[in-house]
1. Restricting to segment 34-72, name every residue that is open to solvent by 100 Å² or more (accessible area, probe 1.4 Å) and in contact with a strand residue (DSSP E or B) (Cβ under 9 Å, 6 or more places away or on another chain).
Amino acid sequence: MTACPACGKALRRGYLFSTKDGALSFADEVPGVFQNAKHAEGFVKLTNMELGRRASAEAFCCNACRTITVRY
Ligand SMILES: [Zn+2]
């Protein structure tokens, strides 16, 4: 079992997934609506858009401090 990097409690394994058609991404800051997300500081592409499926990435959820850790 993996421990939470924030509080050290046990993490629940799961997936971070999109709620609409599209790609999942991670960046240091959420880019503005009119900014190309790929140009955001620290941008990391997690998934490609997949037709007929939700984009998802393996993630670990900490219910104690509401932290999600994502692997890519
Ligand atoms: Zn935690």
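1. The initial filter retains those residues of segment 34-72 that are open to solvent by 100 Å² or more (accessible area, probe 1.4 Å), namely 34, 38-39, 41, 45, 49, 51, 53-54, 63, 66, 71-72.
Correct list: 38, 45, 54, 63, 71, 72.
Here's the yes/no breakdown for (1) within 16 Å of the ligand (Cβ to nearest atom); (2) at pLDDT below 80; (3) polar (S, T, N, Q); (4) part of a loop (DSSP other than H, G, I, E, B):
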| site | (1), (2), (3), (4) |
| --- | --- |
| 8 | yes, no, no, yes |
| 21 | no, yes, no, yes |
| 28 | no, yes, no, yes |
| 32 | no, yes, no, yes |
| 38 | no, yes, no, no |
| 52 | no, yes, no, yes |
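The values are calculated or read from the model by the stated rules, or taken from the named source; none is laboratory data. Just so it is clear, the model here is predicted, and its values are computed rather than measured. Methodologically, a virtual Cβ is constructed for each residue, glycine included, from the backbone with ideal geometry; neighbour enumeration extends over all protein chains shown. With ligands, DNA and RNA removed, areas are computed over all heavy atoms of the protein, side chains included. Shrake-Rupley method; radii C 1.70, N 1.55, O 1.52, S 1.80 Å.
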